[in-house]
Amino acid sequence: MLVNGVWKDNWQPVQAKDEAGRFIRQASPFRNWITPDGAPGPTGVGGFKAEKGRYHLYVAYICPWASRALMARQLKGLTDLIGVTVVNPRLTDQGWQFGGYPGAEEDTLNGARYMHELYTRADPQISGRATVPVLWDKHTGTIVNNESADILRMLNNAFAEIVDEGPDLYPEELAGDIDRLNEYLYTNLNNGVYQAGFASSQQAYNEAYDRVFAALDEMESRLADGRVYLFGDQLTETDIRLFVTLVRFDAAYHGLFRCNRNTLRAMPRLHAYMHRILALDGIANTVNLDHIKAGYYSIKALNPTGIVPAGPGEL
Ligand SMILES: N[C@@H](CCC(=O)N[C@@H](CS)C(=O)NCC(=O)O)C(=O)O
């Protein structure tokens, strides 16, 4: 991680935890928004007007948070407006690296070798982890935002005056319900699997495991009335947020993170729901099973040998 702009290479063992051994995720420092006219968004400062070719996304296919942003870019028809660079799925002592793995790309935009170089370019004194996703502004040479919840929401309408495509992922009439279900799913499932995986006490693991499966059971029941998506016929950002965890479940969380009461495949409605979303136009391009497995199983603190399991071969 970065400390006052300098990289300290003990990345892996230093996951933050509370007194009961529960994994704590750090808050994202860059919280500006792209808006149609460059006015400030809900957080941060203004100056980031929606323009074709001005912004770039740095992502990892292994990463569920980055994949939220990739999915929104795809669903909202923004692939020609916002470029993407995919990092190497295997974590190094210097964090995320560019190139050096099939499907990983060099940083032709900024010429960085590691993601942390972009963070210090944006803020030479920065402290913290150099996470993905990063939404980069080519005009000012800085990070607009590195919080996937913000990026997912801003891509829903920031570019609406240039490209008006895809479903409304945050319809006004559902906003309250979406916010509530997002929070529930984040706490219990999206972050819950990480809390199970990075727990450093039995108690912390047990708590997280119970919450993960309670949430999965609840979502399986929610789909029992035959609804297509979580809120009915309309795909929303909550579906994206659930999907990115489901699509990694059998390949990474079931084994590496010990969320092993059952596989996702054993939950027929959720499994079919996951495939329904995977089949949407362009979404399969945002999912790379090889990167997911190679990436998660490269976390040395959890898998010192680095051996990547052969299965599951398909989702
Ligand atoms: N709150 C952030 C979390 C992003 C995050 O934790 N990304 C992970 C990959 S899945 C990462 O980059 N980890 C590198 C690190 O922690 O050093 C978001 O949702 O955008």
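Test of understanding: in a Gaussian network model of the chain with alpha carbons linked when under 10 Å, which of Ala39, Ala251, Ala130 would top the mean-square fluctuation ranking?
Result for the chain, Cα springs under 10 Å: Ala39 fluctuates most.
Determine the sum of side-chain charges near Trp7: Lys and Arg each +1, Asp and Glu each -1, restricted to other residues whose C-beta is under 10 angstrom from that of Trp7.
-2
So if each residue of separation counts as 0.36 nm, and I subtract the Cα-Cα distance between Ala272 and Asn285, what length gain in nm does that give?
Contour length minus the Cα-Cα distance gives 2.8 nm.
I'd like to check one number: the per residue accessible area of the chain, probe 1.4 Å, reported in Å² as a whole number.
Per-residue accessible area for the chain comes out at 41 Å².
Checking the cross-link filter: which aspartates and glutamates have an alpha carbon closer than 15 Å to that of Lys300, excluding same-chain neighbours under 8 positions apart?
Partners within reach: Asp9, Asp93.
With springs only between Cα atoms under 10 Å apart, run a GNM on the chain and tell me which of Asp281, Asp107, Asp37 wobbles the most.
Evaluated over the chain, the most mobile residue of the options is Asp281.
Mind checking the range 140-216 for GluC sites (Glu not before Pro) that DSSP puts in a loop (not H, G, I, E or B) and that have at most 12 other Cβ atoms within 10 Å? Could you put the intermediate results ahead of the total?
On the way: sites: Glu147, Glu161, Glu165, Glu172, Glu173, Glu183, Glu207; in loops: Glu147, Glu161, Glu165.
Sites meeting the loop and neighbour criteria: Glu161, Glu165.
Taking 31 Å as the cut-off for C-alpha to C-alpha distance, list the pairs among Lys17/Lys138; Lys17/Lys52; Lys8/Lys76; Lys76/Lys138; Lys8/Lys138 that go past it.
Numbers: Lys17/Lys138 35 Å; Lys17/Lys52 41 Å; Lys8/Lys76 38 Å; Lys76/Lys138 21 Å; Lys8/Lys138 27 Å.
Pairs exceeding the cut-off: Lys17/Lys138; Lys17/Lys52; Lys8/Lys76.
Extending each Cα 7 Å along its Cβ direction at Thr263 and Glu218, get the distance between those two points in nm, one decimal.
Rounded to a tenth, the inter-label distance reads 2.7 nm.
At 222 nm, what value in deg cm²/dmol follows for the chain if DSSP H runs of at least 4 each add -39500 (n - 2.57) and the sum is divided by all its residues, to the nearest 500?
Numbers: 9 runs with 99 residues, N = 315.
Computed mean residue ellipticity for the chain: -9500 deg cm²/dmol.
So the label point goes 7 Å from the Cα of Lys138 along Cα→C-beta, right? Which residues of the range 79-104 then have their backbone N under 17 Å from it?
Within reach of a label on Lys138, which here means backbone N under 17 Å from a point 7 Å along Cα→Cβ, the range 79-104 contributes 79-86.
Can you tell me which of 186-193, 70-77 comes out highest on packing, and rank the rest after it, using the mean Cβ neighbours within 10 Å?
Put in order of decreasing packing, that is 70-77, 186-193.
Top mean-square fluctuation among Ala208, Ala284, Ala294, Gaussian network model of the chain, C-alpha springs under 10 Å?
Most flexible of the set in this elastic network: Ala284.
Ignoring ligands, DNA and RNA, what percent of the 1.4 Å accessible area of the chain is carbon and sulfur? Spell out each step's value before the answer.
Working: 6420 of 12990 Å².
After summing per-atom areas, the C and S share lands at 49 percent.
What percent of all Cα-Cα pairs in the chain falls in each 20 Å bin, counting up from 0?
All Cα pairs considered, the percentages come to 33, 61, 6.
Taking R0 as 35 Å, what's the FRET efficiency between Ala301 and Thr43 from their Cβ-Cβ distance, rounded to 0.05? Intermediate values should be presented prior to the final figure.
On the way: r = 32 Å, r/R0 = 0.91.
So, using R0 = 35 Å, E works out to roughly 0.65.
The values are calculated or read from the model by the stated rules, or taken from the named source; none is laboratory data. The structure displayed is predicted, hence computed values, not measured ones. Virtual Cβ from ideal backbone geometry, glycine too; neighbours counted across all protein chains shown. Please note that ligands, DNA and RNA were not included when accessible areas were found on the heavy atoms of the full protein model with its side chains. Shrake-Rupley method; radii C 1.70, N 1.55, O 1.52, S 1.80 Å.
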